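Before any comments, here is the structure.
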Amino acid sequence: MSTLWTPYGEKPVGSTQPTAGGPPAPGPQGHPGGDAAEAHRERPAGGRAHGTGGTAGTAEAEEVRRALETVLATPMPQVVAELAVQLRELALVHLSAVRTGRGGSLDAARLAIDAMGTLVEGLGERLAPHDGALRAALADARLAFVQIGGARGDTGPPGATA
């Protein structure tokens, strides 16, 4: 039986079941784990990549090819903008949990906002056409942090490092 190497271990070719102890098998969009990573399998000490013995042309190989085409066709400013938005959402989840007393962490929110600021302010116009919207989203996240942090006694805004 042929296998395909994934970041989560060996996977029998044609199987849609998760590997023992690993996460679910990657879906059609490359989640979780990223089918694109499978296209760049590491070679074991023997020199032959796992899963290459007669598996060319399989549905899995076609799925990997499509995932790679999608990744390569996506404009990099869009990819970075989506990452920045995910950081903002993560910060807002923490801030909301702090505000409602359900946990959360101001330190975690600050780190996510600072990471977003590093991307947005550091790359600036290179993120066009998303740069203006990202700057506004960053300002809103910083304002929310100051409002919630101030109510908790933490008035230092994100991005104000010594």
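The values are calculated or read from the model by the stated rules, or taken from the named source; none is laboratory data. No experiment lies behind these values; they were computed from the predicted model shown. With ideal geometry, Cβ positions are generated from the backbone for all residues, glycine too; neighbour counts draw on all protein chains shown.
Go through the range 71-112 residue by residue and tally those that are without any contact (Cβ under 8 Å) to a residue 24 or more places away in the chain and of a type outside the set (Lys, Arg). Talk me through it step by step, then tell me what you get.
Restricting attention to the range 71-112, the residues satisfying the condition of being without any contact (Cβ under 8 Å) to a residue 24 or more places away in the chain are 72-76, 79, 82, 86, 89-90, 93-94, 96-97, 100-105, 107-108, 111.
Of the ones still in play, those that are also of a type outside the set (Lys, Arg) are 72-76, 79, 82, 86, 89-90, 93-94, 96-97, 100-101, 103-105, 107-108, 111.
Result for the range 71-112: 22.
Which number in (1) surrounded by 15 or more Cβ atoms within 10 Å (Cβ to Cβ); (2) at pLDDT 95 or above marks the one condition that residue 89 misses?
Only one criterion in (1) surrounded by 15 or more Cβ atoms within 10 Å (Cβ to Cβ); (2) at pLDDT 95 or above is unmet by residue 89, namely (1).
Restricting attention to the range 65-75, which residues are part of a helix (DSSP H, G or I) and over 14 Å from the mean Cα position of the chain (by Cα)?
Listed by number, the residues that qualify are 65, 66, 67, 68, 69, 70, 72, 73.
So which residues in the range 94-153 are of a type outside the set (D, E, K, R), farther than 26 Å from residue 74 by Cβ and not in a helix (DSSP H, G or I), if there are any at all?
101, 103, 104, 105, 153
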